[in-house]
Every structure is written in C-alpha cells, then in structure tokens.
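The values are calculated or read from the model by the stated rules, or taken from the named source; none is laboratory data. Note that the structure is a prediction, hence the values are computed from the model and not measured. Heads up, the Cβs are rebuilt from the backbone with ideal geometry, glycines too, and the neighbour counts pull from every protein chain shown. Calculation scope for accessible area: heavy atoms of the full protein, side chains included, ligands and nucleic acids excluded. Shrake-Rupley method; radii C 1.70, N 1.55, O 1.52, S 1.80 Å.
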Amino acid sequence: MVTADQYREFGEQYDLEFLDGIKSRSKFNILHNCGTRIYFDQLATYPVHALSWAATLEGNPDLQEGKLRSGKAVMGGISEKTVLKTGEPEQVREEVARAIEMTGGRHFLLAPGCSIPPETPSKNLLAIRDSLT
C-alpha cells in the first residue's frame, strides 16, 4: 500500500523501536510480512531471528531465495489461500516436500504463509503432520 521510501519514513522507525524494546524479554523473534511484493530486503535487515512471509505469492521471494538473501531462518512454505484451503492432501504433501527441499530442512519453520483459514479441511492439516513423521 505504500512505497519503500514511505515505509522507511513512516514505519521502519517504529518497528525498530518496538524490536529494541522487547529484545531483552525475548529469545526468539519472528517477523511476519503480509501480502505480495513485500519489501523483503528492507525487512530482512531487522534484528529478528526468523522471517515469515507468503513465499508462494507472486512478487515475493521463495523460501530458498529468502534464506539466501536474509541469512536468517525462514518460516512458511504452504499456500494457505489455495492448496491448504481448497487443495487435496497430496498437493499439501507436495508443498511440504518442496519447502523442505528448498531450505534443506535447516533453519526452517514449516507454516502457512499467513494464518490458517478456519474452513481449512482437517485432512489437509493432517497431511502436513503426516508429511513430517
């Protein structure tokens, strides 16, 4: 909704103040970035341990690219608006396998790109669990 310069001017300062304020009370912080075409490189410099974003959405880096560009742990890999919500368990298992392959399974937290829609079929959630056992 805003340009990178606008975000730098009106958002970054407050983000960094908040992160500085909680650093002594938190051992592991994850920064979640919503939407498409996020300002990944700008946000990757934030003092957090992991980055979470919808890596399957257009204009966003995939997990492998995000991990390389940030040097941080990455979180995501499952398309919550499509595959998880309306796909079949086999499609979910394929996304899980692809995410693990992209990251080598290291410095990686498997998750939807954002929240899990309430109408997500339980069979798809079970497919995630079964993919990891």
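Rounded to the nearest angstrom and listed largest first, the equivalent-ellipsoid semi-axes of the range 9-133 from its Cα gyration tensor are 27, 15, 14.
Accessible area per residue for the chain is 61 Å², calculated with a 1.4 Å probe on protein heavy atoms, without ligands, DNA or RNA.
Of L125, L31, the order by accessible heavy-atom surface (1.4 Å probe, DNA, RNA and ligands excluded), from most exposed downward, is L125, L31. Based on the Kirkwood approach, the hydrodynamic radius assigned to the range 81-133 is 11.3 Å, with every pair of different Cα atoms included.
Heavy-atom accessible area for H107, with the other protein chains in place and a 1.4 Å probe, reaches approximately 120 Å².
Each of L84, S115, A44 was scored by the projection of its Cα onto the charge dipole of the range 28-133, and the greatest displacement toward the positive side belongs to A44; charges sit on the C-beta of Lys, Arg, Asp and Glu. Between the beta carbons of I116 and L68, assuming R0 = 25 Å, the FRET efficiency works out to 0.40 to the nearest 0.05. Taking a virtual spin label 7 Å from the Cα of K123 along the C-beta vector, which residues in the range 78-100 bring their backbone nitrogen under 17 Å of it? Output list for this probe position: 82-95.
For the range 6-96, applying the loop criterion from DSSP together with a ceiling of 13 other beta carbons within 10 Å to the chymotrypsin sites (Phe, Trp or Tyr not before Pro) yields F28. Charge dipole of the chain (Cα centre as origin; +1 on each Lys and Arg Cβ, -1 on each Asp and Glu Cβ, all else neutral): 440 debye, rounded to the nearest 20. Looking at the range 90-133, the GluC sites (Glu not before Pro) that sit in a DSSP loop and have at most 12 other Cβ atoms within 10 Å of their own Cβ are E119.
Considering helices alone, the calculated mean residue ellipticity of the chain at 222 nm is -11000 deg cm²/dmol, with DSSP H runs of length four and up weighted by -39500 (n - 2.57) and normalised per residue. Under 28 Å of direct C-alpha separation, and excluding same-chain neighbours fewer than eight residues apart, K81 reaches these lysines: K67, K72, K123. Looking at the range 31-133, which trypsin sites (Lys or Arg not before Pro) are in a loop (DSSP not H, G, I, E or B) and have at most 15 other Cβ atoms within 10 Å? Here the trypsin sites (Lys or Arg not before Pro) that fit, given the DSSP loop and packing criteria, are R37, K81, R106.
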